[in-house]
Structure formats: structure tokens, C-alpha cells
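The values are calculated or read from the model by the stated rules, or taken from the named source; none is laboratory data. Being a predicted model, the structure only gives us computed values, none of them experimental. Quick reminder, even Gly has a Cβ in these numbers, built from the backbone with ideal geometry, and neighbours come from all protein chains shown. Each accessible area value is taken on the protein alone, full model and side chains, heavy atoms only, with ligands, DNA and RNA left out. Shrake-Rupley method; radii C 1.70, N 1.55, O 1.52, S 1.80 Å.
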Amino acid sequence: MASGDVATELTRHLIVPVVVLDNPDAAAPLARALQAGGLPVAEITLRTPAGLSAIRQIASTPGLLVGAGSVLSVEQVDAAAAAGARFAVSPGLSRSVVERCREVGMVALPGAVTATEVQVALELGLDTLKFFPASIAGGPAAIKALGGPFGQVKFVPTGGIGPANLGAYLALPNVAAVGGSWMVPRDAIRDGDWGRITELTADAVAAAQAAGKDN
Ligand code: 3PG
């Protein structure tokens, strides 16, 4: 899949599940639970030691789009790419991380919440950005306001999003998808409660589709 296709695929699903794994062996059943709920995407964060190994275990799962989250350094870009990640999400904007993603053929989805950050991201050739932490950084009103001068930019707000407010974000024309962890609770992963994850995922997919977004 070319990187442009990965970006399209990423936003087509409207939701990017943000996964924190404590045990890499949970990766495969978790991926199956997400797929069963209708969301064949997983952003596996590198904030736990299990993250890279988890990516490696599920990167070749047919029909599943796997990326790395919490990517903070060039070294992590390299490690994520070697593990098979197709995209790299960062909480903030780092020129070196974005440029390395391009070199290794991974889609970069860095965070940007101020006009200055968005402008720098544009200079780096990006047009789809994470907006983190969405609920603290001004929520839907801030994203709407950024849409004035930055009409060409799409955002993936993440942080503090759940069933009660995802519709307000997805209703905005400059929101491509939302990210969040509400459908993959850490305790459910730890307890192997895959049925709960599938149920939460199916509910999330239904809520996103009801928001009437057509990416
Ligand atoms: C994160 O970095 O943990 C993500 O932004 C997810 O945020 P959430 O747990 O509020 O959905």
C-alpha cells in the first residue's frame, strides 16, 4: 500500500484506536477483537516496552492497518518501520521525526494545535494532522477556527474523545477521523475481555457512521 493510500485508509475508518499494551501476547487477540467490531486499525503506542513487539506480531495480519503511536524520536521511527508499522503518530510536531517517516515510507501523523505548529506542518508537506490533547486544546471550536486560514488541513483530534462527543468533532468538515482509547480500555486488554472490546468497538463504529461523515 502506498503511503497516500495508508493515509486514506486511516481516515476512511473515522476512528483510530489508541492502544496501550502491557503484554505483547495480547496484540493478536486484540487485533481480532477490533476487526470483529468493524475497525481494522490499531495505533499501538510505544509508551510501553511491549509496543514494538506487539506491532511486529500483528503487522502482517491481513486487512489490518497497524501503526505506532507516541513516536518521539527518529530511532523510534526506525524501530517502528522495522517492526512493520505503516504509520507513525506523534503527540507533537518534530521535523526530524516527520522527515524520517518520509525517508522510510511511513505516513507521519504528528500533533499540531496552534496556528504556528500547523503552519510549520504545512511547510513540511503535511496536510493531515493529529490535534492533541483535543479536549484541552480547545475542542471542536478550536478546530473549526483553524479551518479558516488552514482550509487545506484535516485534523484527527485525539484526547478526551468518547461516545458523548465524537459526533461534535466528526461533524466538522476539517476533521478526517477521531482518535481515542475508549474502545480499548487497558483493564479489558489486561483481563483478556475481547468480547467487551468488540462490543465497545462496534458501538464506536456505529456512532461514527451515525455522525454522517463521508470520507
Ligand atoms: C493518548 O495519547 O492516550 C490518546 O490521545 C488517547 O487519549 P484518550 O485516552 O483520552 O482517548
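Between GLU199 and GLU99, what length comes free when the chain is fully extended (0.36 nm per residue of separation minus the Cα-Cα distance, one decimal in nm)?
32.2 nm
What are the ³J(HN,Hα) values, in whole Hz, obtained from phi via the Karplus relation 6.51 cos²θ - 1.76 cosθ + 1.60 with θ = phi - 60°, for each residue of the stretch 142-151 in sequence order, with x given for Gly and Pro?
Those phi angles translate into 5, 5, 4, 5, 5, x, x, x, 10, x Hz.
Towards the positive end of the charge dipole of the stretch 3-208, with charges on Cβ (+1 Lys, Arg; -1 Asp, Glu), say which of GLY151, PHE87, LEU129 has the farthest Cα.
Looking along the dipole axis, the top candidate is GLY151.
Add -39500 (n - 2.57) for each DSSP H run of 4 or more in the chain, then divide by its residues: what number comes out at 222 nm, to the nearest 500 deg cm²/dmol?
Taking each H run of at least 4 residues, the total per residue is -12500 deg cm²/dmol.
With the Cα gyration tensor of the stretch 162-214 giving a ≥ b ≥ c as the square roots of its eigenvalues, does the rule (a/c under 1.5 for rounded; else a/b larger than b/c for prolate; else oblate) give rounded, prolate or oblate?
Prolate.
Express the accessible area of the chain per residue in Å², computed with a 1.4 Å probe while the remaining protein chains stay in the model.
It amounts to 42 Å² per residue over the chain.
Assuming R0 = 41 Å, what is the FRET efficiency of ASP191 and ALA115, from their Cβ-Cβ distance, to the nearest 0.05?
The computed FRET efficiency comes out at 0.40.
Between ALA36 and ALA210, what FRET efficiency comes out of the Förster formula 1/(1 + (r/R0)^6) with R0 = 25 Å and r the beta carbon distance, rounded to 0.05?
FRET efficiency, ALA210 to ALA36: 0.80.
I'd like the GluC sites (Glu not before Pro) in the stretch 62-146 restricted to DSSP loop residues with at most 10 other Cβ atoms within 10 Å, sorted by number.
Hits after loop and neighbour filter: nothing returned.
Give me the percent of accessible area attributable to carbon and sulfur for the chain, probe 1.4 angstrom.
Answer for the chain is 53 percent, counting heavy atoms of protein chains only.
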